[in-house]
1. Just checking, how many residues over region 84-94 are surrounded by fewer than 17 Cβ atoms within 10 Å (Cβ to Cβ) and either touching a Ser or Thr at 6+ places or on another chain (Cβ under 8 Å) or among the polar types (S, T, N, Q) (or both)?
2. Only residues that are in contact (Cβ under 8 Å) with a residue 40 or more places away in the chain and either surrounded by fewer than 18 Cβ atoms within 10 Å (Cβ to Cβ) or not assigned by TED's automatic domain parsing to the domain that holds Thr124 (or both): list them for region 191-203, please.
3. Please work out if Ile175 is surrounded by fewer than 23 Cβ atoms within 10 Å (Cβ to Cβ) and either farther than 26 Å from Leu70 by Cβ or at pLDDT 90 or above (or both).
4. Based on what the data block shows, is Val308 of a type in the set (Val, Ile, Thr), at pLDDT below 85, in a helix (DSSP H, G or I) and assigned by TED's automatic domain parsing to the domain that holds Leu269?
5. It is to be established whether one or more residues within region 390-400 are within 21 Å of the chain's Cα centre (by Cα), crowded, with 23+ Cβ neighbours inside 10 Å and touching a residue at least 60 places away in the same chain (Cβ under 8 Å).
6. Only one residue in Ser37, Ser55 is within 30 Å of Pro109 (Cα to Cα), surrounded by fewer than 20 Cβ atoms within 10 Å (Cβ to Cβ) and modelled with pLDDT of 80 or more. Which one?
7. Being within 25 Å of Val395 (Cα to Cα), within 22 Å of the chain's Cα centre (by Cα) and at pLDDT 70 or above is true for just one of Ile276, Ile235, Ile284. Which residue is that?
8. Could you check Leu327 against (1) within 23 Å of the chain's Cα centre (by Cα); (2) assigned to a helix (DSSP H, G or I) and say which number it fails?
Amino acid sequence: MYKKLLSSSALVLLIGLAVSALGFVKEMLVAYHFGVSSQIDVFYLALSVPLYLVSLYGSSINATIMPAYLQAKAEQAQALFFSEMMGMNLLFLVLLSGVCVAYSVLLQPFFLHATPEKNQQIITIGLLLAPMIVVQGLTSYFDSILNAEKRSLINNLFSLFIPLGTIVLLSIQQIPAALLLTCGWYLGFGLRLTGQYLTLRRQIAFQWQRPRSALFYKHRPLIQDFFWIVFSSAILGLLPVISNYLAGYLGDGQVASLNYATKLVSTGLMLVGIIINSVLFPHIAEQIVKDSAHGIREGLKLAALSFVVFALLLLPLYFFVEPIVALVFERGRFNAESTVQVAYILKYLLLYIPFYVPCVLLSRLVVSLRISRIFVLGNLISLILFFLSGAYWIVYLGKGIESLGWALMLVYLVSAVYLLTHIVLYRKRPQ
């Protein structure tokens, strides 16, 4: 069983590396053509809120839909389930796009401090990107279904279209950079959505169904789980904000160093996330559907195994962070002193990863058991613990930026214990 999981994970990892490499090529080409022009600022400022909303939706829908879909598949009702959820998800995404439009028109002007012309460009591009929430959100919904159908390889291949959309349009130099990147975003995700849709049409004989009140009542527990995860994810999304605030307390250059180190960590964790969502999570959810007790044991074994594997992998990596940072970043104004500064914080950020990966697996197990409501309290505890421990070490004890690494390790250690406790309590509950 584990040999099959390992081979599937290796293939998915290779595709993930290809997607990451192509994405890096896209960023290099954008930098080559536009540098650090104000038009790039316009695009990323306009993208921030739509991207936050659709990322929040994507992570929540992926965790919620897959176990429910596998349950429906076990009952030979997957086509009906897919059709019903399709209409409701589309309605929610349209409403989410409306929220983004309202924010761009009513609230965003208060947070912009550039020239009036640039502010107007940001608002305009933000309005153009709002419908993108529907397109990108549907790709997240299709992600869940394709991974549940064990079509993760072809699904991840479709991700290559995302950076390709921008790369293709970069040959057109007659339009402003912000508009070009917006069109590239639509083209890339539009191509991916088309590939996913055609694959699912062959896989599942579904028919579109408009959302009705009866369907909302029928799927009420699932909808409640989804919103529990959305709310709790929104809470945890504040961790980077607090990290930057605490790093800023330490002086100039600390926020930049933290973000350079975070980029390296997040790239690795993105690949881990692809494997978990494409291979391990479907496996856990499938085992839960077949036999709850066996599925729980399987999920706990994978969580324990992930802790051991990542602890062993990161131990030698800890001693080579400085050459890695130099290889990736040390060019131009990023000098040897910058390398030492970023490598220092990266060493301490590595400490939380062996606890983070089991937490992700345990959280997927919690979702499969339909006890997602525990995330809200758990994420509140994590947020408060991170702020208090980081502030205590940095402000009260006068420690350096390494305190953020220790604080994150503490947060994910406590989170793992919290999730494990609730899973054990669930096992003892009369079925």
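1. Residues meeting the conditions: 0.
2. Result: Tyr197, Gln203.
3. In short, yes.
4. no
5. Taking every residue of region 390-400 in turn, none turns out to be within 21 Å of the chain's Cα centre (by Cα), crowded, with 23+ Cβ neighbours inside 10 Å and touching a residue at least 60 places away in the same chain (Cβ under 8 Å).
6. So the residue among Ser37, Ser55 that is within 30 Å of Pro109 (Cα to Cα), surrounded by fewer than 20 Cβ atoms within 10 Å (Cβ to Cβ) and modelled with pLDDT of 80 or more is Ser55.
7. On the way: Ile276 fails: within 25 Å of Val395 (Cα to Cα); Ile284 fails: within 25 Å of Val395 (Cα to Cα).
The match here is Ile235.
8. (1)
The values are calculated or read from the model by the stated rules, or taken from the named source; none is laboratory data. This structure is a prediction, so every number in the text was calculated from the model and none was measured. All Cβ positions, glycine included, derive from the backbone under ideal geometry; neighbour counts span all protein chains shown.
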